[in-house]
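Take a look at the structure set out below.
The values are calculated or read from the model by the stated rules, or taken from the named source; none is laboratory data. None of the values given here were measured: they were computed from a predicted structure. Cβ atoms come from the backbone with ideal geometry, glycine included; neighbour counts cover every protein chain shown. Ligands, DNA and RNA are stripped out before the accessible areas are found, and what is left, the full protein with its side chains, is counted by its heavy atoms. Shrake-Rupley method; radii C 1.70, N 1.55, O 1.52, S 1.80 Å.
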Amino acid sequence: FRRDSRTVAEFKKQIKECTKLERVLMQRYVDWLNTKGKAVYTFEDKGVDNSGRYIADDAKVTCDPDFVLFKNGKYKGFIEIKHCNPDLPMFHLKLPHVEKCIAGDICIVNWMGVGTDNPKFCILTPAILSELLAAGPVVKFKPWGYKPCLRVMCNNEKIKWQTT
């Protein structure tokens, strides 16, 4: 179910690539935070296995957030990194994941245009996610095996894009 329509080989390759990219994007986010004032931000792994190693046993896979963010050495929050390589007018988030982030007080740092010369990101707090979810729409997204997903337009007034 978590592979959608991908083969095991495709899934393994994508996990490895995405895990590496998410770490780079998290570092870029933390570097950006560190330009905003006198606070010092750092992060640690939180996910089930941020090595990119494929975990065959579904029972050993968790939905823990990717990273823990620290401000001046103290816990600041949990962070999930999401990304889209092209710069599109919309993005999708799997509905169960959105609900998990809202319930678990997890922020999503969502990157758009990662494969372009002008990547940008937005910070989706649980409060923003709740508002986006209430406004909808939830669609069955074909590229992800028709799983229910929250569709968000990039020009939504709740979204504030940042660049690094």
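Couple of notes before you dig in:
- Taken together, the criteria exclude ILE159 from residues that are touching a Lys or Arg at 6+ places or on another chain (Cβ under 6 Å) and more than 27 Å from THR7 (Cβ to Cβ).
- Highlighted here would be strands (runs of 3 or more DSSP E) found entirely within the stretch 55-164 that include at least 1 residues which are polar (S, T, N, Q) and in contact with a helix residue (DSSP H, G or I) (Cβ under 7 Å, 6 or more places away or on another chain), but there are none.
- Restricting attention to the stretch 111-150, the residues that are open to solvent by 60 Å² or more (accessible area, probe 1.4 Å) and closer than 15 Å to PRO96 by Cβ total 4.
- Taking the numbered list (1) surrounded by 15 or more Cβ atoms within 10 Å (Cβ to Cβ); (2) under 19 Å from TYR41 (Cβ atoms) in turn, LYS160 passes all entries but (1).
Quick grid of which residues meet (1) aliphatic (A, V, I, L, M); (2) modelled with pLDDT under 95; (3) over 14 Å from the mean Cα position of the chain (by Cα); (4) under 15 Å from LEU124 (Cα atoms):
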position: GLY47; (1), (2), (3), (4): no, yes, no, no
position: ASP64; (1), (2), (3), (4): no, yes, no, no
position: TYR75; (1), (2), (3), (4): no, no, yes, no
position: ILE79; (1), (2), (3), (4): yes, no, no, yes
position: LYS82; (1), (2), (3), (4): no, no, no, yes
